[in-house]
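A.B. asks: For reference, the structure I am asking about is given below.
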Amino acid sequence: MQKALLAWYKAHGRHDLPWRNTKDAYHIYLSEIMLQQTQVKTVLERFYFPFLERFPTLQSIAEAKLDDVLKMWEGLGYYTRAKNLHHTALTCQGILPCSPEELGGLKGIGKSTAHAICVFAYHQSLPILDANVKRVLCRFFGLSTKDEKILWNKAWELLDSVHPYEYNQAMMDLGSMICIPKKPLCSLCPLHVKCKGTNNPERYPLAIKKAKVPTKKRFALILKKEGKFGLIQRQERLLHGLWGFVQVDGLSTDAILLGKVCHAYSHFKVELDVIKTALHVKVDGWFLLEDLNTLALSSVDKKIVALLQKESKK
Ligand code: SF4
């Protein structure tokens, strides 16, 4: 089975991904963190190279301000990742440790990410358990639930300890190209003969019904003083450290509606009425319209800036 898997990887694997053609632990770590919540195509086309150009080493992140790191992360979402990256760079003083235990003790690096860094940068013999690999293992062993402990045991059981690098890349590629969530391509799969899930693969693991994503209706306040816009630096976990317009749930004063802005996060959607108001609200800084895009802004605040730019041309 391992031979078949390696032969398939040799013929069909994604060998040209840039983080597969380096032994630089920082480059591999960065790709793992970016890929945690973002698709390969997006990371590859828009974020990986510009980020490395601005921050070529982990030390360069340690020497930068968090604001600059967040600015480069803009658009990728899940900004805690950028904050953890900055924290890790400072903690490690620019040099990543090379044991899974030490790596796993750093902020934002879970067990599977720690293993991935050790396997891909240092060729250690460890299994990886990302979302794609979990799906392959559930189907291969006929597991209905994604029990972490059982899955780690199965991951160790299947690991090719002689070729851990190729084995793990193969499992990840198999999960994203062949053993896909819907209608997996079992006839092309090198694990087909021994796979317990092949008769009804979508049964493994059993799908958990997703709750409907709620929509929050709020107001974004456009506060203006002497030609400058008032913004706050966000404190909430989701967008911590990013600049943005003040948002409130309700409004008890007259205001001018400038437009509407919507944005979907993974757990909720937000619909904002963007309003101009003379309310006195404490902000963290005042900025000219042309300077707003130099700040690290969330996607929804970028949409508001675009709206303001459109308004200013009327
Ligand atoms: S045979 Fe089908 S279900 Fe089994 S691992 Fe391969 S693609 Fe997945």
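Derivation of every value follows stated rules applied to the coordinates shown; laboratory data play no part. The shown structure was predicted, so the numbers you read here are calculated from the model rather than taken from an experiment. Positions of Cβ are generated from backbone atoms using ideal geometry, with glycine treated the same way; all protein chains shown enter the neighbour counts.
A.B. asks: Picking from S187, S31, S299, which is most flexible by a Gaussian network model of the chain using Cα springs under 10 Å?
C.D. replies: Among S187, S31, S299, the largest GNM mean-square fluctuation belongs to S187.
A.B. asks: What list of ³J(HN,Hα) couplings, whole Hz, do you get for the stretch 268-280 from phi and the Karplus terms 6.51, -1.76, 1.60, once you set θ to phi - 60° and write x for glycine and proline?
C.D. replies: Taking θ as phi minus 60°, the curve returns 6, 10, 10, 10, 10, 8, 8, 10, 8, 9, 9, 4, 8 Hz for the stretch 268-280.
A.B. asks: State, as an integer percentage, the relative contact order of the chain based on alpha-carbon contacts under 8 Å between residues 6 or more apart.
C.D. replies: It rounds to 17 percent for the chain.
A.B. asks: Ok, one more. What pairs in K224/K313; K71/K217; K71/K313 have C-alpha atoms more than 21 Å from each other?
C.D. replies: Violating the 21 Å Cα-Cα cut-off are K71/K217; K71/K313.
A.B. asks: Kindly state, as a whole number, the per residue volume in cubic angstrom of the convex hull around the alpha carbon atoms of the chain.
C.D. replies: Here the figure is 158 Å³ per residue.
A.B. asks: Could you please state, rounded to a whole Å, how far the C-alpha centre of the stretch 79-108 is from the C-alpha centre of the stretch 175-220?
C.D. replies: 31 Å
A.B. asks: Report, for the chain, the % of DSSP beta bridges that are antiparallel, rounded to 5.
C.D. replies: 65 percent
A.B. asks: Please go through the stretch 261-299 and write out the chymotrypsin sites (Phe, Trp or Tyr not before Pro) that DSSP classes as loop and that have at most 12 other C-beta atoms within 10 Å.
C.D. replies: Filter output for the stretch 261-299: F268.
A.B. asks: If one computes the Cα centroid of the stretch 231-307 and of the stretch 32-57, what distance in Å separates the two points?
C.D. replies: The two parts, judged by their Cα centres, are 26 Å apart.
A.B. asks: Now for a separate question. Given the -39500 (n - 2.57) contribution per DSSP H run of 4+ residues, what per-residue ellipticity at 222 nm results for the chain, rounded to the nearest 500 deg cm²/dmol?
C.D. replies: Value at 222 nm, helices only, nearest 500: -11500 deg cm²/dmol.
A.B. asks: R237 versus A7, label points 7 Å from Cα toward the beta carbon: distance in nm?
C.D. replies: 4.8 nm
A.B. asks: Quote to one decimal, in nm, the extra length available between S312 and H280 on full extension: 0.36 nm per residue of separation minus the C-alpha distance between them.
C.D. replies: Result: 9.3 nm gained on full extension.
A.B. asks: Turning to a different aspect of this structure: Return the single residue from S112, S252, S144 with maximal mean-square fluctuation; model: Gaussian network over the chain, springs between Cα atoms under 10 Å.
C.D. replies: S252
A.B. asks: Using a 10 Å cut-off around each Cβ, can you sort C98, C186, C179 from fewest to most neighbouring Cβ atoms?
C.D. replies: With the sparsest Cβ surroundings first, the list reads C98, C186, C179.
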